[in-house]
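Below is one structure, written out as structure tokens; the observations come after it.
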Amino acid sequence: MKQGDELKARQSPDPGFLLGELDMHLIAEGRHWRLADCLGAHVMTVGGVQGVRFAVWAPNARSVSVVGDFNGWDGRKNPMRLRRECGVWEAFVPGIGTGALYKYELHGANGGMLALKADPLARQTELPPRTASVVAASGDFSWTDQAWMDGRARRQSPDAPISIYEAHLGSWMSGPESGASLWSTIGPRLIAYVKDMGFTHIELLPITEHPFGGSWGYQPLGLFAPSARYGTPEEFAAFVDACHGAGLGLILDWVPAHFPSDPHGLAWFDGTALYEHADPRQGLHPDWNTLIYNMGRHEVRNFLLASAMEWLRRYHVDGLRVDAVASMLYLDYSRDPGQWTPNRYGGRENLEAVDFLQQLNAHVAEHCPGAIMIAEESTAWPGVTAKSGEGGLGFQYKWNMGWMHDTLRYMQREPIYRRYHHNDMTFGMVYAYSERFILPLSHDEVVHGKGSLLGKMPGDRWQRHANLRAYYGFMWAHPGKKLLFMGGELAQAGEWNHDGQIDWACLADGLHAGVQALLRDLNTLYAATPALYGGDAVPEGFTWVIGDDYANSVFAFLRQHGGQVALVVSNMTPVPRSDYRIGVPVAGRWAERLNTDGQAYGGSNMGNQGGVSSEPQPSHGYGQSLSLTLPPLATVIFIAEGSLP
């Protein structure tokens, strides 16, 4: 076939307009919530001919063609037609289907050809470092998780136990030879392990496609495509379904704050600053050298919201942890005077980003029942978890970064000095009910020279493990849902290396295996004890009994819910304490349900022989009290066998 005949064949039959008027209207208004069903590449039959419909938003381009392995990457063969009412270019290419590689060849307003661009709405991509988009299979996935979807709102509510295992799939465990899917090989092992450890959720670092693996996914360009590093979209969907089948929720980290400037991506997409701000004082992130989405454009907000809905609705993901929210909220974030522009009222708040987050969270709450939105927000912005309609941002949970920084700072100190910094451990309760919190010990704390969690603990080898065990016990009993990054449960000595795997070999050592056993038992006790989670969001769920024993570095508090009451006591020095008296509100026996100094965990096995009975000796405002033995560098959890009156 001659080149001209081939071109003519690929351009016929003329299908007329491919996208409907309603699609065009919704795109123009920025309200097309199923944008990936409209834009991007879709296998379909037009006029009795099977092929692929392509559509891309590029309103300022002079011309656009779709190029790929089906036309020799020749922009002359498949030019696209502009739908001026919304700035979308469309074309139908017959005779191709799933698996075809493609990009868009765009010419800017001045006529010059731009770099070939990957499809912003692609649902599948080539394996990086290759950058082409891939025509994904049409249709939905096969699901067996209806019972999970129907019940997940209860499982993720503020009065439910939520214990999250944060993982980077590519470095959790060494995978198979190159080319095999991690979703189908490592994925089942991860699910089985997390289930055995007693966690309720897996949270994955971003799996959206990203050009640079060293960004861990936090500089994505393919917001609608699971990374080809791990497998196909179908394999990811099967992984989600398997999580639900095992009774585990799945949360994804999601990044709507910024994107990298790679030439095949969103930067200067149609020859103009289309997705980003043109003014670098608004559009360039100084910390990460990335570009910031222009939230003032309703098409950009639509693009981001549709991405969130793609993961929550199409892939049945149970929640999104929105990264770098603080950087979105403040126009002067990480900027010196003169390097930022104020809002229309002269303030530093990014009003367009606030509007977007409120719209996003309200939309998710309405259309994805039971899904949760989580904010990584490191400032004191008010109302992060308040409802959007009441002036809040509308998230269900917020990472408690302040609690994490304060308590880690305390734990890093030598015990002899902890008495002078006692309030680092108690201050979190001053604001504990201002938001609904997750307590995070995330990947951010074990990278960039920060060392491992174990490495932060002071003392000799035994004391470092004991400190870490005591800290975990304190954390798991403290109000707030829990999050731990992979490797923390092993007490691995080195910080996280995304090019390797976590230090599974360390489990041959009894101290490391003991920390893993402790985490398993903490999760089991936590999930089985409503007093430890049911009152997280209300002041009635927590009472300090001893919050001011600076001299001995002892903390004691009550957790209560539904009549059940737990007493939690932490001794943060290596000095054992006997006959330590603590007042309690319930008479009778208190069972020692968990002791981080237990022999099975690598401790000295000092404790209270399984429990202790109260005595009618007033203490701390209660008519009954317990005489306890406090092990060194340990947290002990007691459960009253009676109920609150």
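The values are calculated or read from the model by the stated rules, or taken from the named source; none is laboratory data. All values reported here derive from a predicted model rather than from experimental measurement. Virtual Cβ from ideal backbone geometry, glycine too; neighbours counted across all protein chains shown. Ligands, DNA and RNA are stripped out before the accessible areas are found, and what is left, the full protein with its side chains, is counted by its heavy atoms. Shrake-Rupley method; radii C 1.70, N 1.55, O 1.52, S 1.80 Å.
For region 416-461, which positions are surrounded by 20 or more Cβ atoms within 10 Å (Cβ to Cβ) and among the β-branched types (Val, Ile, Thr)? Result: Ile438, Val446. Residues in region 328-361 that are more than 23 Å from Asp253 (Cβ to Cβ) and of a type in the set (A, V, I, L, M, F, W, C) were compared, and the one that is most open to solvent (accessible area, probe 1.4 Å) is Trp340.
Counting only helices (runs of 4 or more DSSP H) that sit completely within region 395-474, those holding 2 or more residues that are under 25 Å from the mean Cα position of the chain (by Cα) and of a type in the set (D, E, K, R) correspond to 401-411. A single member of Leu223, Leu205 is touching a residue at least 40 places away in the same chain (Cβ under 8 Å), out of contact with any Gly (no Cβ under 6 Å at 6 or more places or on another chain), crowded, with 22+ Cβ neighbours inside 10 Å and more than 30 Å from Ala531 (Cβ to Cβ), and it is Leu223.
So how many residues does region 247-277 have that are open to solvent by 30 Å² or more (accessible area, probe 1.4 Å) and touching a helix residue (DSSP H, G or I) at 6+ places or on another chain (Cβ under 7 Å)? Number of matching residues: 1.
The residue that is nearest to Glu209 (Cα to Cα), counting only those in region 311-327 that are assigned to a helix (DSSP H, G or I), open to solvent by less than 10 Å² (accessible area, probe 1.4 Å) and in contact with a helix residue (DSSP H, G or I) (Cβ under 8 Å, 6 or more places away or on another chain), is Leu312. Of all residues assigned to region 278-297, none qualifies as being buried (at least 22 other Cβ atoms within 10 Å of the Cβ), modelled with pLDDT of 95 or more, more than 20 Å from Glu377 (Cα to Cα) and among the β-branched types (Val, Ile, Thr). Pairing residues of region 292-312 that are free of Cβ contacts under 8 Å to residues at least 12 places away in the same chain and over 20 Å from Ile251 (Cα atoms) with residues that are open to solvent by 10 Å² or more (accessible area, probe 1.4 Å) and not in a helix (DSSP H, G or I), at Cβ distances under 7 Å and at least 6 apart in sequence or on separate chains, gives no pairs at all.
Here region 357-380 is the region considered, the condition is being in a loop (DSSP other than H, G, I, E, B) and among the acidic types (Asp, Glu), and the residue that is farthest from Trp148 (Cα to Cα) is Glu377. Just one of the listed residues (Ala531, Ala505, Ala551, Ala537) is touching a residue at least 60 places away in the same chain (Cβ under 8 Å) and either among the β-branched types (Val, Ile, Thr) or not in a loop (DSSP other than H, G, I, E, B) (or both), and it is Ala531. Only a single item in (1) free of Cβ contacts under 8 Å to residues at least 40 places away in the same chain; (2) closer than 17 Å to His620 by Cα; (3) not basic (Lys, Arg) is not met by Ala587, and it is number (1). Can His367 be described as touching a residue at least 60 places away in the same chain (Cβ under 8 Å) and surrounded by fewer than 15 Cβ atoms within 10 Å (Cβ to Cβ)? Yes.
Taking the conditions (1) surrounded by 21 or more Cβ atoms within 10 Å (Cβ to Cβ); (2) without any contact (Cβ under 8 Å) to a residue 60 or more places away in the chain; (3) hydrophobic (A, V, I, L, M, F, W, C) in turn, Ala192 satisfies each one other than (1). Given the condition in a loop (DSSP other than H, G, I, E, B) and either open to solvent by 10 Å² or more (accessible area, probe 1.4 Å) or hydroxyl-bearing (Ser, Thr, Tyr) (or both), answer yes or no: does some residue in region 622-629 qualify? Yes; the residues of region 622-629 include at least one that is in a loop (DSSP other than H, G, I, E, B) and either open to solvent by 10 Å² or more (accessible area, probe 1.4 Å) or hydroxyl-bearing (Ser, Thr, Tyr) (or both). Considering only residues in region 592-621 that are in a strand (DSSP E or B) and touching a Lys or Arg at 6+ places or on another chain (Cβ under 8 Å), the one that is most open to solvent (accessible area, probe 1.4 Å) turns out to be Ser613.
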